Amino acid sequence: MRRTRALTIVLMLVFAAVSYGGGLIQIPRGDFLVRINGEISPTEIEAASSATLAKLGSLEQPRYPTIVYFRATETALYLGFDCRDTTATPAVVSVRDNNGPVTRDDSVELVIAPTLQAEKNNYFHFAVNAAGVRYSRDMEFDRPVEDWSAAAKPSPTGWQAEMLIPFTSVRGRFEVPYWRGNVGRNRVARPNEPQEVSIWNQCGVTIHNYKKFGFFKFVRAPEPEQEDIEKLLQQLMELQRSSEPEPLLPVPVIPQNDSATTTPSE
């Protein structure tokens, strides 16, 4: 039974690889502190996998690079997008209502199929623009996805965006060894600057080319080594010592003359 199941998985992988452009992200899975506020924290990227994007349709590096961080809790997928840009040119946004055409703005996108073989009606599309306005679509039922969150915020090097997608929102299961998906960024045209679209896994002309989705594999995040734990405890002890109040100096005692009292003059 196990051999039959293993052979089935191998055959499905071979079938999935047909017309596949290449790309695998191993996503660490384990509990960590996550806060979706549009600002990627050191805690959120501490053990994350990361990927950079290339110009759509080529392997050329974009003028405005993007780093995407991938992590997962036991119940949700986290993505952090660090979108580099020139501070003199603010992000361009016009869509203010959720589930509007946010990809016409400066925005980032995720497409994900929680199965080994992506089809035109079994994946999910998520996007958020630089103002934090969200878009989502469940392609099977042609409706927005519920119970997911996203935010965006300017940063010293451009702007950042975060997404947190519960596995229940995409009907995902860890028993599936590989999921399929892709991520991208849209930077709209400016005066004297053309539009720039960048992508993780090259997919032709659109991120919706499900036949070119890359592979997402969830892996158990490594447990901290004993040496790392000892270092952490030492740092905590040093921090505690540094936060302790300085010892109080003894206050000199002035002798009192019990036989004499002083009263204010009338």
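The values are calculated or read from the model by the stated rules, or taken from the named source; none is laboratory data. Since the model is a prediction, treat every value here as computed from it, not as a measurement. Glycine also receives a Cβ, built like all others from the backbone with ideal geometry; neighbour counts cover every protein chain displayed.
I'd like to verify a number: residues in the range 133-160 that are on the phi < 0 side of the Ramachandran plot, assigned to a strand (DSSP E or B) and in contact with an Asp or Glu (Cβ under 6 Å, 6 or more places away or on another chain), how many?
Counting residues in the range 133-160 that are on the phi < 0 side of the Ramachandran plot, assigned to a strand (DSSP E or B) and in contact with an Asp or Glu (Cβ under 6 Å, 6 or more places away or on another chain) gives 3.
Given the structure, is PHE32 part of a strand (DSSP E or B) and of a type in the set (A, V, I, L, M, F, W, C)?
Taking the combined requirement at face value, the residue does not satisfy it.
Can you name the number of the only condition in (1) within 22 Å of GLY23 (Cα to Cα); (2) touching a residue at least 12 places away in the same chain (Cβ under 8 Å); (3) among the charged types (D, E, K, R) that ASP97 fails?
With respect to (1) within 22 Å of GLY23 (Cα to Cα); (2) touching a residue at least 12 places away in the same chain (Cβ under 8 Å); (3) among the charged types (D, E, K, R), ASP97 is out only on (1).
Hey, among the residues in the range 42-57 that are polar (S, T, N, Q) and either under 11 Å from the mean Cα position of the chain (by Cα) or more than 19 Å from LYS212 (Cα to Cα) (or both), which one's surrounded by the most Cβ atoms within 10 Å (Cβ to Cβ)?
So the first thing to find is which residues in the range 42-57 are polar (S, T, N, Q), and the list is 43, 49-50, 52.
Right, trim to either under 11 Å from the mean Cα position of the chain (by Cα) or more than 19 Å from LYS212 (Cα to Cα) (or both) and you get 43, 49-50.
On the way: THR43: 13, SER49: 18, SER50: 13.
Among them, the one singled out is SER49.
It is to be established whether one or more residues within the range 105-113 are surrounded by fewer than 22 Cβ atoms within 10 Å (Cβ to Cβ), not in a strand (DSSP E or B) and not small (Gly, Ala, Ser).
No, every residue in the range 105-113 fails to be surrounded by fewer than 22 Cβ atoms within 10 Å (Cβ to Cβ), not in a strand (DSSP E or B) and not small (Gly, Ala, Ser).
Only one residue in VAL93, VAL68 is crowded, with 16+ Cβ neighbours inside 10 Å, part of a loop (DSSP other than H, G, I, E, B) and at pLDDT 95 or above. Which one?
Going through VAL93, VAL68 in turn, the sole match is VAL93.
Return the residue satisfying two criteria in turn: it lies in the range 156-174 and is over 19 Å from PHE218 (Cα atoms) and over 15 Å from the mean Cα position of the chain (by Cα), and of such residues it is surrounded by the most Cβ atoms within 10 Å (Cβ to Cβ).
So the residue we want is GLY158.
For the range 136-146, enumerate the residues that are within 19 Å of ASP97 (Cβ to Cβ) and surrounded by fewer than 19 Cβ atoms within 10 Å (Cβ to Cβ).
Within the range 136-146, ARG137, ASP138, ASP142, ARG143, PRO144, GLU146 meet the criteria.
Just give me the residues in the range 71-90 being surrounded by fewer than 14 Cβ atoms within 10 Å (Cβ to Cβ) and either modelled with pLDDT of 95 or more or within 19 Å of the chain's Cα centre (by Cα) (or both), in sequence order.
GLU74, THR75
Per-residue answers, yes or no, for (1) farther than 30 Å from PRO191 by Cα; (2) outside any strand (DSSP E or B):
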position	(1), (2)
THR86	no, yes
LEU164	yes, no
THR168	yes, yes
PRO177	yes, yes
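Quick check on my filter: what residues within the range 182-206 are in a strand (DSSP E or B) and under 24 Å from the mean Cα position of the chain (by Cα)?
ASN182, VAL183, GLY184, ARG185, ASN186, ARG187, GLU196, VAL197, SER198, ILE199
Among the residues of the range 71-79, are any within 27 Å of ARG171 (Cα to Cα), out of contact with any Cys (no Cβ under 7 Å at 6 or more places or on another chain) and of a type in the set (S, T, N, Q)?
Yes; the residues of the range 71-79 include at least one that is within 27 Å of ARG171 (Cα to Cα), out of contact with any Cys (no Cβ under 7 Å at 6 or more places or on another chain) and of a type in the set (S, T, N, Q).
Looking at PHE174 and the list (1) under 19 Å from ASN209 (Cβ atoms); (2) touching a strand residue (DSSP E or B) at 6+ places or on another chain (Cβ under 7 Å); (3) at pLDDT below 95, which single condition is not satisfied?
Condition not satisfied by PHE174: (1).
For the range 35-81, how many residues meet the condition of being closer than 18 Å to ILE165 by Cα, touching a residue at least 12 places away in the same chain (Cβ under 8 Å) and of a type outside the set (A, V, I, L, M)?
Final tally of qualifying residues: 15.
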